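**Student:** Have a look at this one before I ask anything.
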Amino acid sequence: MKALQRRTLLTATAVLATVGLAVSAIPAQAAEVGVTATGIKLGMTLPMTGTASLGYNKIPGAAKAYFDYLNANGGINGRKVTLVVKDDRYVPTEAVAKTNELILKDKVMALLAPLGTANVKAVATSVNPARRGVPVLFVNTGFSGFADAKKYPTTYAVLPSYIMEAKIMGQYIKENFAGKKIGLLYQDDDFGSDALAGFKTAGVNFAVKVPYASGSQGAAAAAGWITKFKAAEADVVILFGVSSATSAMLGTAAQLGYKPQWMLGSVGGDATTIKLTGVPAGVLYNAIGFSPVPATTDMTDEYVKFFSDIYAKAVPGSAFDLNVLLGMNTAFMAAQALKAAGPNPTRKS
Amino acid sequence: MEAIDSKGATFANSALVPAGYSKTSHVGLTGYWVGKYAPTGDLAPIGGTYVTYTTDSGSGAVVKSTYKRPAMPAKGLPN
């Protein structure tokens, strides 16, 4: 019996070795998953529908606008870059399912700019792109942990981290709002905890901190937040949440006549997105804001001019805003990564 | 990925702050400029000039950045 098992095992090993040889002979011709002689396929998950989609659902159109321009100008060494987009509604379990589809069914070379801290974390755990060798390029979240090359070896950050932003906000508060009572609205997950860590490092003492659960943001919730900020007599209120939370807060504050000094985090600070929801421009006036890229209205900036010209032609009638600029900037960086990866780019290169 | 590890920090892009990619870190951009929203509701740099600050995700100080963004590659295409 033992001998038989051993023989079976030996045979199986021999078969495996033969298969192994055959498989290893293939890559010489087929360069990489998602890469053909004429194209490179990338995949993106983000909220295209649902509460949190506000503003961010313009990102795929922005990225595609740049890739179309790139493709019309020779692509990456003759290969056209295509982008497969899947709606995850900002729900981590859906991000996991859609990412699996992108990798297994659509067979993308790499994931580009997946959005949301909780979503990217869930994907890292359940899909494990690192184990599969799939690059996760330029995640659309500022969670500081994603910069950790040991923990997330195939994941690359692009946005400055929430900790960095909170520290820079803290510095501004120290220099300009010393002695004022500071209030903070934040999302009650890893997005918010990263911000809290940064504020702690910066030594910011809050008169009141108001957490909100992802998906709960709306006018009714905002009225409740305002009650808390008023009770604490906050002079400065920091909104460190998604666009829909900022919009709900500013819209409700306008109705109730609540006017603290606002300070907006970059994630939810895009003016075009906020104004589109009906928030009057005057409510934003004099609020403090932060951005790593130039002002989207600054047409003296060569990138803003270049990207906005391409976008206007690709998506006529759609306002050029921060989500568009960041989406195009990320696509532009991805193009450089693909070009720098050599004549036959692979996931590893 | 090897390309980002070795060259990512020098990839041309619109940001006014440097990126920090290396073989040991996948940190992206490292700072912000501070602005005020104008009467139109649009964010603009305070005093009309971009003043950028950089820092890290640890206990490092917040410092004014001296980063000069390289010119955009010709036609906005990768070099």
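The values are calculated or read from the model by the stated rules, or taken from the named source; none is laboratory data. All values derive from a computational prediction rather than experimental measurement. As a convention, Cβ positions derive from the backbone with ideal geometry for all residues, glycine included, and neighbour counts pool all protein chains shown.
**Student:** So which pairs qualify, if the first residue must be in the stretch A:248-271 and outside the structural domain of A:K167 (by TED's automatic domain parsing), the second must be in a loop (DSSP other than H, G, I, E, B), the Cβ gap must be under 8 Å, and the two must be at least 6 apart or on different chains?
**Tutor:** Going by the 8 Å Cβ cut-off, there are no qualifying pairs.
**Student:** Is at least one residue of the stretch A:137-145 out of contact with any Phe, Trp or Tyr (no Cβ under 7 Å at 6 or more places or on another chain) and at the interface with another protein chain (Cβ under 7 Å from one of its Cβ atoms)?
**Tutor:** Looking through the stretch A:137-145, none of the residues is out of contact with any Phe, Trp or Tyr (no Cβ under 7 Å at 6 or more places or on another chain) and at the interface with another protein chain (Cβ under 7 Å from one of its Cβ atoms).
**Student:** State which residue is nearest to A:G289 (Cα to Cα) when the search covers only the stretch A:224-247 and only residues that are free of Cβ contacts under 8 Å to residues at least 40 places away in the same chain and of a type in the set (S, T, N, Q).
**Tutor:** A:T246
**Student:** When residues of the stretch B:12-59 are filtered for being within 7 Å of chain A (Cβ to nearest Cβ), of a type outside the set (G, A, S), within 16 Å of A:Y156 (Cβ to Cβ) and out of contact with any strand residue (DSSP E or B) (no Cβ under 9 Å at 6 or more places or on another chain), how many remain?
**Tutor:** Matching residues across the stretch B:12-59 total 1.
**Student:** Quick check: anything in the stretch A:132-139 part of a helix (DSSP H, G or I), surrounded by fewer than 19 Cβ atoms within 10 Å (Cβ to Cβ) and not assigned by TED's automatic domain parsing to the domain that holds A:L264?
**Tutor:** Residues of the stretch A:132-139 that are part of a helix (DSSP H, G or I), as a first pass: A:132.
Adding the requirement that they be surrounded by fewer than 19 Cβ atoms within 10 Å (Cβ to Cβ) leaves A:132.
Okay, now just the ones that are also not assigned by TED's automatic domain parsing to the domain that holds A:L264, so A:132.
Yes, because at least one residue in the stretch A:132-139 is part of a helix (DSSP H, G or I), surrounded by fewer than 19 Cβ atoms within 10 Å (Cβ to Cβ) and not assigned by TED's automatic domain parsing to the domain that holds A:L264.
**Student:** Give just the number: which of (1) part of a loop (DSSP other than H, G, I, E, B); (2) touching a helix residue (DSSP H, G or I) at 6+ places or on another chain (Cβ under 8 Å); (3) over 21 Å from A:A195 (Cβ atoms) does B:D56 not satisfy?
**Tutor:** The single condition B:D56 does not satisfy is (3).
**Student:** When residues of the stretch A:326-344 are filtered for being assigned to a helix (DSSP H, G or I) and either of a type in the set (V, I, T) or facing chain B (nearest Cβ under 7 Å) (or both), how many remain?
**Tutor:** 9
**Student:** Any idea which residue in the stretch A:165-198 is nearest to A:L326 (Cα to Cα), counting only those that are without any contact (Cβ under 8 Å) to a residue 40 or more places away in the chain and charged (D, E, K, R)?
**Tutor:** Within the stretch A:165-198, the match that is nearest to A:L326 (Cα to Cα) is A:K167.
**Student:** Taking the stretch A:243-296 as the search range and keeping residues that are farther than 26 Å from A:Q171 by Cα and β-branched (V, I, T), which one is farthest from the other protein chains (Cβ to nearest Cβ)?
**Tutor:** Here the answer is A:T252.
**Student:** In the stretch B:21-41, what residues are in a loop (DSSP other than H, G, I, E, B) and crowded, with 21+ Cβ neighbours inside 10 Å?
**Tutor:** B:Y21, B:H26, B:V27, B:G28, B:T30
**Student:** Quick check, is A:A331 in the same structural domain as A:F143 (by TED's automatic domain parsing), buried (at least 20 other Cβ atoms within 10 Å of the Cβ) and small (G, A, S)?
**Tutor:** Details: in the same structural domain as A:F143 (by TED's automatic domain parsing): yes; buried (at least 20 other Cβ atoms within 10 Å of the Cβ): yes; small (G, A, S): yes.
It is true that A:A331 is in the same structural domain as A:F143 (by TED's automatic domain parsing), buried (at least 20 other Cβ atoms within 10 Å of the Cβ) and small (G, A, S).
**Student:** Among the residues of the stretch A:302-323, is there at least one that is crowded, with 22+ Cβ neighbours inside 10 Å, closer than 28 Å to A:G39 by Cα, more than 10 Å from chain B (Cβ to nearest Cβ) and of a type outside the set (A, V, I, L, M, F, W, C)?
**Tutor:** yes
**Student:** Please verify whether A:D148 is of a type in the set (D, E), more than 10 Å from chain B (Cβ to nearest Cβ) and under 30 Å from A:L42 (Cα atoms), treating the condition exactly as stated.
**Tutor:** no
**Student:** If I filter the stretch A:53-95 down to residues being more than 15 Å from the chain's Cα centre (by Cα) and away from chain B (no Cβ under 14 Å), which single residue comes out as farthest from A:S318 (Cα to Cα)?
**Tutor:** For the stretch A:53-95, the residue satisfying everything is A:T93.
**Student:** Any residue at all in the stretch A:271-291 that is closer than 27 Å to B:G58 by Cβ and over 19 Å from the mean Cα position of the chain (by Cα)? Walk me through it before giving the result.
**Tutor:** In the first step, residues of the stretch A:271-291 are kept if they are closer than 27 Å to B:G58 by Cβ; the result is A:288-291.
With the extra rule that they be over 19 Å from the mean Cα position of the chain (by Cα), the set shrinks to A:288.
Within the stretch A:271-291, one or more residues are closer than 27 Å to B:G58 by Cβ and over 19 Å from the mean Cα position of the chain (by Cα).
**Student:** Looking at (1) free of Cβ contacts under 8 Å to residues at least 24 places away in the same chain; (2) within 19 Å of A:A334 (Cβ to Cβ), which is the one condition that is false for A:K80?
**Tutor:** (1)
**Student:** Further, regarding this structure: Give A:F240, A:F229 a once-over and let me know the one that is crowded, with 16+ Cβ neighbours inside 10 Å, among the aromatic types (F, W, Y) and either within 14 Å of chain B (Cβ to nearest Cβ) or at positive phi (or both). Give the derivation first.
**Tutor:** Working: A:F229 fails: either within 14 Å of chain B (Cβ to nearest Cβ) or at positive phi (or both).
None of the other options fit; the residue is A:F240.
**Student:** Within the stretch B:35-47, track down each residue that is of a type in the set (A, V, I, L, M, F, W, C) and over 20 Å from A:N323 (Cβ atoms).
**Tutor:** B:I46
For every residue, the table says whether it meets (1) free of Cβ contacts under 8 Å to residues at least 60 places away in the same chain; (2) assigned to a helix (DSSP H, G or I).
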{"position": "A:D68", "(1), (2)": "no, yes"}
{"position": "A:Y90", "(1), (2)": "no, no"}
{"position": "A:E94", "(1), (2)": "yes, yes"}
{"position": "A:I103", "(1), (2)": "no, yes"}
{"position": "A:A118", "(1), (2)": "no, yes"}
{"position": "A:A124", "(1), (2)": "yes, yes"}
{"position": "A:I163", "(1), (2)": "yes, yes"}
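**Student:** Quick one: would you say A:A37 is at pLDDT 95 or above and within 14 Å of chain B (Cβ to nearest Cβ)?
**Tutor:** Against the criterion (at pLDDT 95 or above and within 14 Å of chain B (Cβ to nearest Cβ)), A:A37 does not qualify.
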